[in-house]
């Protein structure tokens, strides 16, 4: 989804503790000039015509680039910001040897980790009658346990995911752990993930962003 407008800075459409965490951390890392536009999901603003013109799939985050292009999806925003700012080394460039590994794991986190949390926190969205299903939730929690176990075994750096050091993968994975119902238990079972997240959470960019998300407007069930 690409829409062009005229603008002079980045504009991030966000909601508290949503997938906007990672893009906002990236914006902080690249020292970008940006402003945030809160999308009140409790009031269903993400479903209103004004926001649908920004992002037709009605999800946050969405990011308006300085040239007016608007993109959605956390993983897509991650790639664009990293590729437009190669000096940060947050995303390997096409000619770099670890580019395929980066793309694989970013896609794996986006496709196999991120969506599971919807079933954990909103199981009613996965039933015909809209009634929360304990079976759906428990199955999702099992899938999350398996997902994080795979991530734990696949960390190739120390403490970061890739041997090159800190990248957008580390931001993305740390964001996913923020949504865990029992983060302490997650870390106890996955010490390498715990070490990775601890290193990410020490960065000023992450501390700034997560503080805003913890204390900002409440995120609604979607």
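The values are calculated or read from the model by the stated rules, or taken from the named source; none is laboratory data. Everything numeric here is computed off the predicted structure, so don't read it as measured data. Reconstructed Cβ throughout: ideal geometry from the backbone, glycine too, with neighbour counts over all protein chains shown.
Being touching a residue at least 60 places away in the same chain (Cβ under 8 Å), within 17 Å of residue 21 (Cα to Cα), touching a helix residue (DSSP H, G or I) at 6+ places or on another chain (Cβ under 9 Å) and buried (at least 17 other Cβ atoms within 10 Å of the Cβ), is that true of even one residue in region 179-190?
Within region 179-190, one or more residues are touching a residue at least 60 places away in the same chain (Cβ under 8 Å), within 17 Å of residue 21 (Cα to Cα), touching a helix residue (DSSP H, G or I) at 6+ places or on another chain (Cβ under 9 Å) and buried (at least 17 other Cβ atoms within 10 Å of the Cβ).
What do you reckon, is residue 173 closer than 18 Å to residue 17 by Cβ and part of a helix (DSSP H, G or I)?
yes
Of all residues in region 99-125, which are crowded, with 16+ Cβ neighbours inside 10 Å and farther than 30 Å from residue 80 by Cα?
Within region 99-125, 123 is the sole residue that qualifies.
Out of all the residues in region 41-57, is one or more buried (at least 17 other Cβ atoms within 10 Å of the Cβ) and within 21 Å of residue 167 (Cα to Cα)? Give the derivation first.
Taking region 41-57 first, the residues buried (at least 17 other Cβ atoms within 10 Å of the Cβ) are 41, 45-46, 51, 54-55.
In the following step, the residues that additionally are within 21 Å of residue 167 (Cα to Cα) were identified as none.
Looking through region 41-57, none of the residues is buried (at least 17 other Cβ atoms within 10 Å of the Cβ) and within 21 Å of residue 167 (Cα to Cα).
Inspect region 121-138 for any residue being outside the structural domain of residue 34 (by TED's automatic domain parsing) and within 23 Å of residue 25 (Cα to Cα) and give the result as yes or no. Spell out the reasoning first.
Narrowing region 121-138 to residues outside the structural domain of residue 34 (by TED's automatic domain parsing): 121-138.
Those still in the list that are within 23 Å of residue 25 (Cα to Cα) too: none.
No, because not a single residue in region 121-138 is outside the structural domain of residue 34 (by TED's automatic domain parsing) and within 23 Å of residue 25 (Cα to Cα).
Just the residues that are closer than 27 Å to residue 152 by Cβ and assigned to a loop (DSSP other than H, G, I, E, B), please, taken from region 79-129.
Selection gives 89, 90, 91, 92, 96, 97, 98, 114, 115, 122.
Given the condition assigned to a loop (DSSP other than H, G, I, E, B) and under 14 Å from residue 168 (Cβ atoms), answer yes or no: does some residue in region 3-19 qualify?
Yes.
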